[in-house]
1. Sorted by accessible area (1.4 Å probe), largest first, how do 125, 229 line up?
2. Measuring from label point to label point, each 7 Å out along Cα→Cβ, what is the residue 16 to residue 202 span in nm?
3. Which whole number of Å³ per residue matches the convex hull of the alpha-carbon atoms in the chain?
4. If you count only protein heavy atoms with a 1.4 Å probe, what accessible area per residue comes out for the chain, rounded to a whole Å²?
5. With runs of 4+ DSSP H residues as the only contributors, calculate the mean residue ellipticity of the chain at 222 nm using -39,500 (n - 2.57) per run, divided by the residue total and rounded to the nearest 500.
6. For every other residue with a beta carbon closer than 14 angstrom to the beta carbon of residue 168, add +1 if it is Lys or Arg and -1 if Asp or Glu, then tell me the sum.
7. If I compute solvent accessible area with a 1.4 Å probe over the protein chains, what percent of it on the chain is carbon and sulfur?
8. When only the heavy atoms of the protein chains count and the probe is 1.4 Å, how do 118, 2, 35, 66 rank by accessible area, highest first?
Amino acid sequence: MRYFVPDLQLGAFLPEPKQFVEQYGGVPWGLPVERWPICAECGEPMTMLAQFQHHPERLPLGKEGRVLYLFQCESMQGCATWEAESGANAVIILEPEQIQDHLTLPPSEKTWILPEARVVKWNAKDDGVPVDWQEHFLDGDMYHQWYIDGDLPEGLETTKLGGFPEWVQWPEGYPKPYYFAGQFDSGLTVEIPEGDKQLAEQEKNGYRFYEVSPEIGQPFVVYIIENEKTGERKYNVEFASFGDTGIGYLFVNPDPHQPAGKFLWQCT
């Protein structure tokens, strides 16, 4: 089954976008501010997790030009963000004519903004899962049996669009007309410019990291992971709050007239 994994660059080191770009975190492009979702439990504006555009294979939204915004409450007040129907997360799908031509700043200065990671490339892969299994991704007994028998491939990327869900716990979600659209890890691997003069490498408690202060949003840390043999570096940023090593799951109903989305997460 085909799925798509993003190459990500930190938006803090890129020019401000002049049009809609697919990204994780940051602030939305083109969302009318009156559509910015408010948490039903704590009353605070939610935090954007991602924005994507329609793609016939990677993310079908039912019509060319549609875009999807995914939000979750990050107020840290214990809101039930893991439940799709709690009102503590939201999926918004806009028609082309509803999209505005500028960045949308949050309605409150207290709104938490996640580090912006822009998609610079989607990498198509195959997880080896038979396509007909897609009909059974919510069947807990079958999924458990596949897992026990070793039929499920190991090491599936946890941030992707498409493919087969990698459940942390028991399968849950939404049947047709919804489909499994993708999943999100609580941390992201990103690219940053080597030797950037803005960055000073630091170390604390055995962790090596950079501190980054974006123009919009709160300062955040980029962790440095270096291969001891090759010297190759990878960079990771903490992303959304999905409990302890959790994964978030996105479901989409690509109805031509009334598209909809649902989001939930699980953790160990």
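1. Values: 125 80, 229 195 Å².
Ranked list, largest accessible area first: 229, 125.
2. For residue 16 paired with residue 202, the spin-label model returns 2.7 nm.
3. Working: hull volume 39.5 nm³, N = 268.
In the chain, the Cα convex hull volume per residue is 147 Å³.
4. Values: 13630 Å² over 268 residues.
Using a 1.4 Å probe on heavy atoms only, each residue of the chain averages 51 Å².
5. Values: 1 runs with 10 residues, N = 268.
Helices in the chain give a 222 nm mean residue ellipticity of -1000 deg cm²/dmol.
6. Working: positive: none; negative: 166, 172, 185, 244.
Cβ neighbours under 14 Å give a net charge of -4.
7. Details: 6520 of 13630 Å².
Percent of accessible area from carbon and sulfur atoms in the chain: 48.
8. Working: 118 30, 2 115, 35 95, 66 0 Å².
Largest accessible area first, the list is 2, 35, 118, 66.
The values are calculated or read from the model by the stated rules, or taken from the named source; none is laboratory data. What you see is a predicted model; the values in this text were computed from it and never measured. No Cβ is skipped: glycine too gets one built from the backbone with ideal geometry, and neighbour counts run over all protein chains shown. The protein model used for the area step is the full one, side chains on, heavy atoms only, and it has no ligands, DNA or RNA in it. Shrake-Rupley method; radii C 1.70, N 1.55, O 1.52, S 1.80 Å.
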